[in-house]
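Since every read-out is calculated from the coordinates, none of them should be taken as a lab result. Since the structure is predicted, the reported quantities are computational estimates derived from the model, not experimental observations. When we count neighbours, we look across all protein chains shown, and the Cβ atoms used for this are built from the backbone with ideal geometry, even at glycine.
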Amino acid sequence: MRSILTMALFTGMLALGGMPAGAQPAAGAGPAPAAQPAAFAGGGAETCLKCHSTDAKVTPILQTPHAVKGDAHTPFGQDGCESCHGPSAAHVSSRQNSPSVLFKGANKSPVAERNAQCLTCHENGLRMNWQGSQHATNDIACNDCHTIHKEKDPVLVKDTQPEKCFTCHAEQRADSFKFSHHPIREGKVVCSDCHNPHGSPGPKLLKEFTVNEVCYTCHMEKRGPLLFEHEPVRESCLNCHTPHGSSQARLLVERPPYLCQECHQESGHQITPFSGSTLPGQIAENVRMLGRGCVNCHSQIHGSNSPNGAWFNR
Ligand code: HEC
Ligand code: HEC
Ligand code: HEC
Ligand code: HEC
Ligand code: HEC
Ligand code: HEC
Ligand code: HEC
Ligand code: HEC
Ligand code: HEC
Ligand code: HEC
């Protein structure tokens with residue numbers, strides 16, 4: 001009897017076009033919900049939609065893969081809203097009680113409880129390495145990145161994904177504004193092209209075991225094998241490049257000749273590019289030694305397939 005009255009009251013409030021701003025209860029603060037084990041309301045999403053069907057914060061979920069009722073793998077094919085929000089009979093009978101799992105707001109459930117709901121269905125696939133990953137161990141929730149009650153989750157859309165990551169990764173945001181950068185801001189490359197934010201067997205949440213394997217997925221021509229390999233290229237692209245952004249051209253960590261001289265100081269003509277070197281010819285005095293100097297001649301810096309390419313000049 002009481003619950004019918006309550007329901008009518010809530011339905012009335014919804015019909016009037018909104019919910020009272022002051023209606024936020026101290027969910028979970030009262031002793032009642034903790035005392036008895038939570039029970040499912042049952043009846044699937046319909047039970048909840050009786051009151052929430054005009055709630056704009058809720059209804060966009062109906063357009064998502066989660067709401068495919070005919071598919072027994074989806075929440076709507078199982079316990080409906082309670083697949084994620086947990087047993088909520090108490091909430092259905094009185095708004096004073098909250099559903100057992102809240103993902104948002106001041107009274108949101110602990111990260112582990114929220115994630116456990118999602119992981120009941122999503123522990124496999126991309127999330128194989130979630131446990132122990134940098135995000136998991138730093139208490140990041142699935143819904144820090146994912147938005148469930150939106151027709152299209154912004155983190156799954158190229159144009160909007162980086163903004164989501166930037167909210168916590170300010171350094172990468174700054175990098176994206178630098179003179180040379182992967183076209184992330186331009187919407188051509190996304191963070192998840194190189195990273196698996198759910199965990200990785202490799203370093204830095206990279207999608208592959210090594211940095212180079214990640215780079216080769218798009219820069220295939222750099223993979224080799226080549227007749228003449230430049231050792232540091234095979235070792236790691238990051239010997240010379242930085243992945244997110246650089247104030248040097250071509251995402252370089254340093255510009256030639258300084259870049260090259262970090263390793264080649266001891267050898268041949270390049271020791272003193274601005275003074276007295278003799279090899280080959282008079283290149284020391286050559287203006288080409290400035291700026292991009294070294295790669296003007298050593299243009300095949302990633303390695304060469306030419307029989308005469310031992311010095312990467314061709
Ligand atoms: C009798 C009407 C009614 C029913 C049935 C109902 N709700 Fe609610 N629910 C409300 C009202 C009213 C609010 C408060 C809305 C607000 O503050 O924005 C609310 C709030 C919520 C919230 C936010 C809670 C919070 O404290 O922030 C969640 C989550 C929720 N409902 C889920 C559900 C689920 C899941 C079901 C079905 C098991 C359900 N509701 C059924 C009326 C209802
Ligand atoms: C009852 C099982 C179940 C639960 C619980 C569940 N999901 Fe899903 N989820 C699915 C199924 C099934 C799909 C559709 C998969 C497909 O199409 O391959 C899906 C799809 C998704 C997608 C892809 C959506 C898209 O637009 O392609 C994301 C992201 C996602 N779920 C995240 C979550 C998060 C975060 C949670 C916890 C808040 C969660 N899921 C809880 C079953 C579940
Ligand atoms: C740091 C941000 C972040 C966190 C935290 C995160 N995700 Fe994701 N998730 C993404 C991104 C980005 C994609 C798109 C990945 C891609 O396209 O390769 C994605 C894709 C998905 C998908 C759809 C792709 C698929 O079929 O696997 C599901 C399902 C999903 N995530 C579930 C989860 C669950 C469950 C959790 C919590 C255990 C979680 N995510 C935590 C960012 C995140
Ligand atoms: C796949 C898991 C999942 C399902 C299924 C789901 N929700 Fe949610 N719900 C969430 C997450 C995560 C949030 C946090 C906001 C977001 O991601 O959109 C949320 C937020 C909410 C909120 C807003 C709380 C607030 O404080 O803003 C309400 C109300 C709500 N859900 C009700 C429902 C109702 C009603 C249903 C069924 C029609 C439902 N949810 C189904 C995961 C789910
Ligand atoms: C809610 C905050 C938050 C969001 C959103 C977030 N991250 Fe993170 N991320 C962290 C924290 C905290 C760490 C661990 C500490 C650190 O290394 O900065 C981390 C670590 C990482 C690392 C590993 C760093 C390392 O040193 O091993 C990568 C890569 C990463 N995040 C990428 C992403 C991507 C890509 C996204 C968006 C899809 C994203 N993050 C969204 C908080 C976040
Ligand atoms: C082109 C591939 C690529 C893209 C795109 C990319 N990253 Fe990275 N990211 C890397 C590589 C490679 C590393 C490892 C750097 C290292 O070991 O020094 C890395 C490292 C990181 C780290 C750890 C930082 C550190 O210095 O240890 C974070 C955090 C991160 N990336 C976040 C992001 C975010 C957020 C985005 C999207 C805005 C993004 N990445 C896009 C390749 C990429
Ligand atoms: C998802 C695809 C993708 C991956 C993976 C990728 N790149 Fe790129 N890279 C691009 C695109 C797209 C451009 C821009 C090409 C253009 O503008 O013509 C680019 C440009 C570059 C440039 C030239 C930048 C400039 O300012 O001209 C360098 C250097 C580079 N990438 C290095 C790397 C390295 C190192 C890795 C591995 C950490 C990597 N890329 C991984 C897609 C990728
Ligand atoms: C020894 C230093 C060095 C290493 C290591 C290196 N690069 Fe480069 N890379 C350069 C230099 C120097 C340029 C600029 C060439 C120019 O301006 O003509 C460049 C330019 C590029 C460009 C843009 C021009 C082009 O050739 O397409 C891409 C893409 C690139 N590198 C990818 C990679 C990848 C992928 C790796 C790892 C497999 C890698 N680089 C390793 C020095 C290096
Ligand atoms: C991280 C260290 C490193 C950087 C940076 C580097 N190299 Fe190298 N380079 C090497 C190593 C190691 C070899 C192989 C040396 C050997 O076999 O004696 C090599 C070989 C060469 C060779 C072939 C000649 C030979 O002795 O085999 C040339 C030419 C060369 N580098 C030019 C350059 C230029 C130009 C740059 C700058 C764009 C550059 N290198 C940057 C480490 C580096
Ligand atoms: C004007 C063209 C030119 C420029 C500019 C140039 N090189 Fe060379 N470099 C050559 C030629 C040609 C060879 C082959 C040397 C020989 O014939 O003995 C060579 C050989 C080398 C070698 C292998 C031989 C040795 O001495 O160990 C290295 C390493 C090298 N250059 C690095 C550099 C670096 C670093 C720079 C920039 C500071 C640079 N080069 C600028 C043309 C050039």
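Indicate the gyration tensor shape class of the stretch 126-190 (rounded, prolate or oblate), computed on the Cα atoms with a ≥ b ≥ c the square roots of the eigenvalues: a/c under 1.5 is rounded; otherwise a/b larger than b/c is prolate and the rest oblate. Because a/c hits 1.5 or more and a/b fails to exceed b/c, the stretch 126-190 counts as oblate.
Listed peptides 200-206, 297-303 appear in the order 297-303, 200-206 once ranked by packing, highest mean of other Cβ atoms within 10 Å at the front. Taking the Cα centroid of the stretch 179-194 and of the stretch 60-102, what is the distance between the two, rounded to the nearest whole Å? The stretch 179-194 and the stretch 60-102 have Cα centres spaced 36 Å from each other.
Output the pairs from Lys50/Lys152; Lys152/Lys178; Lys108/Lys207 with a Cα-Cα distance over 28 Å in this structure; if there are none, say none. Show your work: numbers first, answer last.
Numbers: Lys50/Lys152 24 Å; Lys152/Lys178 30 Å; Lys108/Lys207 31 Å.
Correct reply: Lys152/Lys178; Lys108/Lys207.
Over 22 Å apart: what share of the alpha carbon pairs of the stretch 95-247 falls there, rounded to a whole percent?
Values: 5974 of 11628 pairs.
I get 51 percent for the Cα pairs in the stretch 95-247 exceeding 22 Å.
Based on the Cβ-Cβ distance from Ala170 to Val253, what FRET efficiency comes out when R0 is 22 Å, to the nearest 0.05? Using R0 = 22 Å, I get an efficiency of 0.60.
Sort Thr47, Thr160 so that the residue with the fewest other Cβ atoms within 10 Å of its own Cβ comes first and the one with the most comes last. If you can, show how the numbers build up before the last one.
On the way: Thr47 18, Thr160 15.
Least to most surrounded, the residues fall as Thr160, Thr47.
The reciprocal of the average 1/r between distinct C-alpha atoms defines the Kirkwood hydrodynamic radius, which for the stretch 28-154 equals 15.6 Å. Applying the Karplus relation 6.51 cos²θ - 1.76 cosθ + 1.60 with θ = phi - 60° to the stretch 70-81 yields 3J(HN,Hα) values of x, 9, 5, 7, 8, x, 5, x, 10, 9, x, 4 Hz, where x marks Gly and Pro.
Under a model in which nothing but the beta-carbon of Lys, Arg (+1) and Asp, Glu (-1) is charged, the stretch 41-151 shows a dipole of about 240 debye around its Cα centre.
Tell me, what is the FRET efficiency for Lys50 and Glu113 to the nearest 0.05, using R0 = 22 angstrom and their Cβ-Cβ distance as r?
Numbers: r = 26 Å, r/R0 = 1.17.
That gives a FRET efficiency of 0.30.
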